[in-house]
Structure formats: structure tokens, C-alpha cells
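Enquirer: This is the structure I want to talk about, given as C-alpha cells.
The values are calculated or read from the model by the stated rules, or taken from the named source; none is laboratory data. These numbers come from a predicted model, not from an experiment. Please note: Cβ atoms are built from the backbone with ideal geometry, for glycine as well, and neighbour counts cover all protein chains shown.
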């Protein structure tokens with residue numbers, strides 16, 4: 001019998017930067033801790049989630065973590081990076097405020113560009129002035145979310161608190177399927193931040209943005225029964241197969257302008273059928289686990 005294909009791995013790095021004041025320091029650290037904990041549901045293995053906080057969150061530590069991961073992740077794997085705290089922009093480069101030397105935007109771009117092009121990346125920069133990073137970070141296979149629309153929005157941001165809520169409650173799960181995607185989390189956080197400014201009768205000082213394709217396919221949290229069975233080996237393999245077929249579907253869609261209508265639909269149909277069959281197998285496995293009380 002043919003062996004199963006290697007499953008795609010999900011690795012997460014969450015960083016809590018300098019707070020400046022005790023209130024902010026605690027807030028950032030708590031948010032980072034909760035996000036890292038929620039991220040274990042999609043990573044499956046707690047060792048795939050790295051949390052850098054307080055004095056441990058130095059630019060050197062971030063660099064070491066990303067460099068190590070760049071040598072570990074394979075084609076088809078996913079990397080999720082979440083940066084929380086304060087940032088600044090001098091008109092030339094962004095700086096993420098960390099103990100010791102700051103991490104510059106230029107350096108962050110180089111660190112993330114070291115990953116294989118086939119590694120899907122989600123980078124969430126939930127800091128002030130983070131909008132300055134949106135264009136420099138933009139790449140194929142990378143979704144970039146920033147808490148602000150430009151480097152000129154310099155006030156402390158509210159985005160991270162709502163991203164945390166999106167991952168730790170079912171508030172962002174629009175279709176209530178127990179799966180929170182990056183798109184769902186962003187849409188929720190963006191909406192909640194806007195509502196908060198309206199409730200305060202205050203002028204909004206931050207406007208989040210999402211750049212890149214595929215946010216609706218990047219899962220950032222699993223809830224309820226989905227989270228209970230996140231570490232199940234069979235489900236991980238099935239989800240890995242599903243991601244591979246979805247990638248092939250995207251590739252087929254991108255060729256629409258070069259194909260006749262019949263040929264294009266002919267290329268899509270078997271992929272859509274394959275995805276539907278995988279959905280059924282995933283549902284069946286989850287029902288089996290539920291009936292067995294979570295026994296593996």
C-alpha cells in the first residue's frame with residue numbers, strides 16, 4: 001500500500017514588543033500569550049508555536065527564530081507571524097520597538113524572503129505605523145495584515161485585542177464551522193475597531209488593511225470540536241491533502257485567460273469534486289472521533 005503524503009506543517013511565531021508603560025506591557029504580553037495558545041489548535045504540536053515576550057523578545061531572538069524556521073519549513077507548509085506592540089516610521093523605514101535594538105522593516109523583509117516561495121505566509125503586524133510595511137512585505141504566497149493604513153498612523157492600536165478575540169471566541173466564525181480563517185479574523189477585528197471608535201465618539205486613528213491573496217484559506221484558529229481533534233493524525237493528513245488541491249485549484253483559476261471556456265471548466269471540475277470528497281472524509285472522521293469521545 002502506498003504511504004500517505006507528508007502532511008503540511010503549520011508554524012507560528014508570536015512576538016510581544018516593548019510597551020513603554022506598564023499598562024501597555026501587560027496588555028501586549030497577555031494578548032501575545034492568548035494568541036499563541038489559540039494558535040496551538042492549528043499548529044497541532046505545541047512545539048510549532050513560538051512565543052517571544054518581555055525581555056526575551058529581542059530583535060536577535062526574532063531573527064534566530066525566523067532563520068531557524070526558514071531552514072525547517074518545506075514546500076506546502078505554512079508560517080504565521082504575529083507582531084504585537086509599538087512601531088514607528090521615519091519616512092524611510094519601519095521599526096518594531098523591542099528590548100535593545102529595534103527590528104527594522106527592511107530586516108524583517110529579508111528574514112521572511114528567506115523562506116521557500118512555496119511556503120504560505122501570513123504576517124500580522126498589529127502595531128502603530130505598521131501600514132508602512134504593507135507594500136515592502138507584499139509577495140506571492142504571503143498575506144500581509146497591518147493595523148494601520150500607513151506609517152503616519154502612529155497612535156497605539158486596538159487591532160491586536162480584536163485579533164485575539166477572533167482567535168479565542170466564536171465571534172469571528174461567520175459560518176459557525178469551528179474554523180476561523182485569516183480573512184474572518186481580519187474582517188471581524190477591522191469591524192470591531194471601527195465600532196469602538198464610533199462608540200467613543202472619537203476620530204479613528206487606525207485603519208487596518210489586508211494585502212495578498214488566500215486569506216480565506218489560511219486557518220488561524222480551530223474552535224470547539226475542531227480544536228479537540230486538531231492533533232488527530234488522520235485529520236491533519238486530510239487537511240494537508242485539501243490544501244494541496246486548493247493550491248492546484250488556484251493555479252487552474254489563474255490560467256482562465258489562456259484557456260477556452262470549456263477547457264477551463266474542464267480543468268476546474270475534477271478539482272472541485274476532489275475537494276468535495278475530502279470535505280466528506282473530514283466530516284466523517286470528525287464524526288467518528290466525536291462518537292468515540294475523542295479516542296485516537
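Enquirer: If you check 198, 226, which single one turns out to be under 19 Å from the mean Cα position of the chain (by Cα) and either touching a residue at least 24 places away in the same chain (Cβ under 8 Å) or in a helix (DSSP H, G or I) (or both)?
Expert: Sole residue among the options that is under 19 Å from the mean Cα position of the chain (by Cα) and either touching a residue at least 24 places away in the same chain (Cβ under 8 Å) or in a helix (DSSP H, G or I) (or both): 226.
Enquirer: Still on this structure: So, residue 251, is that one farther than 26 Å from residue 288 by Cβ and surrounded by fewer than 18 Cβ atoms within 10 Å (Cβ to Cβ) or not?
Expert: Against the criterion (farther than 26 Å from residue 288 by Cβ and surrounded by fewer than 18 Cβ atoms within 10 Å (Cβ to Cβ)), residue 251 qualifies.
Enquirer: Kindly indicate the residue of segment 209-223 that is closer than 21 Å to residue 36 by Cα and part of a loop (DSSP other than H, G, I, E, B) and also modelled with the highest pLDDT among those meeting that condition.
Expert: 218
Enquirer: Here's another thing I want to ask about it. If you take the residues of segment 63-77 that are in contact with a helix residue (DSSP H, G or I) (Cβ under 8 Å, 6 or more places away or on another chain), at pLDDT 90 or above and surrounded by 13 or more Cβ atoms within 10 Å (Cβ to Cβ), which of them is nearest to residue 23 (Cα to Cα)?
Expert: Going through the qualifying residues, I end up with 63.
Enquirer: Please go through segment 78-101 and give me each residue that is buried (at least 17 other Cβ atoms within 10 Å of the Cβ) and on the phi > 0 side of the Ramachandran plot, ordered by number.
Expert: Answer for segment 78-101, where residues must be buried (at least 17 other Cβ atoms within 10 Å of the Cβ) and on the phi > 0 side of the Ramachandran plot: just 85.
Enquirer: Also, quick follow-up: Residues being assigned to a helix (DSSP H, G or I) and in contact with a strand residue (DSSP E or B) (Cβ under 8 Å, 6 or more places away or on another chain): count how many of those fall in segment 38-65.
Expert: 13
Enquirer: Let me ask another. Determine which member of the set 279, 250, 257, 283 is more than 23 Å from residue 219 (Cβ to Cβ) and either part of a helix (DSSP H, G or I) or in contact with a strand residue (DSSP E or B) (Cβ under 6 Å, 6 or more places away or on another chain) (or both).
Expert: Sole residue among the options that is more than 23 Å from residue 219 (Cβ to Cβ) and either part of a helix (DSSP H, G or I) or in contact with a strand residue (DSSP E or B) (Cβ under 6 Å, 6 or more places away or on another chain) (or both): 257.
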